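The structure appears below as structure tokens.
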Amino acid sequence: MRRKLAAGNWKMNGLAASVDEITALAGMVSDTTVEVLICPPATLVHRASSAADGTPVMIGGQDCHIAESGAHTGDVSAEMLVDAGAAYVIVGHSERRADHGETDAMVAAKADAAERAGLGAIICVGETEAQRDAGDTLAIVETQLSNSVPEGVSVETTVIAYEPVWAIGTGRTPTLEQIAEVHDFLRATLAARFGEDAANGMRLLYGGSVKPSNAAEIFAVSNVDGALVGGASLKAADFGAIVEALNEAD
Ligand code: PGA
């Protein structure tokens, strides 16, 4: 049985006072059976994990370097995220791929670094609008999945997030049929590579303009085990409602 996961990605948003949203969220989700994760900017990971200590809310990073330490100005390692209280890290978000030129190989190395440090890795894949219009969606996510998910990953700690680039921050979402098509395909592709049991143990999140008003219908789609939420994770009331919708989904 896969445990559902509601993950929030604050991106480059949040100052010290924003940690109050995590305290508020913790109060809203005390009875939930799903995993609840907030990934604030690196500057807030420690403060957020202190605020979330003893609550069901887990804290994660948004990226990590492949090395444990060294001369890499501005970077943060997976071990440093663990040290600051993180349980997960997002790797290969489309904004990292686009803004920082991260390749599938780099993303796979980051997922390996996460595993080395004992962090869960949320590995992101997803097509651009032009790629969808060209009919290439499944081919694109298949290549990203093959090359961004390292060999020998552990099922329990590896999460795949399908995030169509054109749905991120736009208010637009794929149809439920389109989400089902990609998620079923991801599960089958993982099964072909890692075997049925391993594939059935991995969580598949949908991401891109998830909000309280569309969460329930998205969570009813086959092979959707949760969500990676950007904008709607910034406010405890919105994200708490999304967690509740996931908790109530079958
Ligand atoms: P959004 O972002 O929910 O604001 O569309 C999702 C994401 O990029 O993870």
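Only the coordinates and a few stated rules stand behind these numbers; no lab work does. Since we're looking at a predicted model, the values are computed, not measured. Cβ sites come from the backbone with ideal geometry, for glycine too, and all protein chains shown count toward neighbours.
Miscellaneous remarks
- Qualifying GluC sites (Glu not before Pro) in segment 65-117, DSSP loop, other Cβ atoms within 10 Å at most 13: GLU68
- Amide H to amide H distances under 5 Å link HIS93 with CYS124, where only residues 5 or more positions off or on other chains count and H is placed in the peptide plane.
- When the chain is described by a simple charge dipole with +1 on each Lys and Arg Cβ and -1 on each Asp and Glu Cβ, the residue from THR43, SER94, ALA199 located farthest towards its positive end is THR43.
- Taken about its Cα centre, segment 1-148 carries a charge dipole of about 300 debye when Lys and Arg each add +1 at the Cβ and Asp and Glu each add -1 at the Cβ.
- Partner aspartates and glutamates for LYS235 [C-alpha distance under 18 Å; skip if fewer than 8 residues away on the same chain]: ASP20, GLU21, GLU35, GLU244
- Charge-dipole axis of segment 5-248 as Lys and Arg at +1 and Asp and Glu at -1 on Cβ define it, positive-most pick from THR32, MET12, LEU81: MET12
- Computed over the Cα atoms of segment 15-157, the ratio of the radius of gyration to the Kirkwood radius (Rg/Rh) comes to 1.01.
- Cα-centre dipole for segment 5-248 with unit charges at Cβ (Lys and Arg positive, Asp and Glu negative), debye to 20: 380 debye
- Here the chain was treated as a single set of alpha-carbon atoms; its pair distances binned every 5 Å from 0 give 1, 7, 15, 20, 21, 18, 12, 5, 1, 0 percent.
- Annotation: amide H of GLU35 within the under-5 Å range of LYS4, LEU5, ALA6, sequence separation 5 or more or interchain, hydrogens built in the peptide plane.
- Judged by the mean number of other Cβ atoms found within 10 Å, the most tightly packed of the peptides 241-247, 170-176 leads the ranking 241-247, 170-176.
- Cleavage-rule hits, trypsin sites (Lys or Arg not before Pro), segment 1-110, DSSP coil, Cβ neighbours within 10 Å at most 15: ARG2, ARG3
- Integer Hz, Karplus 6.51/-1.76/1.60 couplings in order for segment 2-9, x for Gly and Pro: 7, 7, 5, 9, 10, 10, x, 10
- In order along segment 38-45, the phi-based Karplus estimate (6.51 cos²θ - 1.76 cosθ + 1.60, θ = phi - 60°) of 3J(HN,Hα) comes to 10, 10, x, x, 4, 4, 10, 4 Hz; Gly and Pro are listed as x.
- 3J(HN,Hα) couplings calculated from phi for segment 188-204 with the Karplus curve 6.51 cos²θ - 1.76 cosθ + 1.60 (θ = phi - 60°) are, in sequence order, 5, 5, 5, 5, 5, 8, 10, x, 4, 5, 5, 4, 6, x, 8, 7, 10 Hz; Gly and Pro show x.
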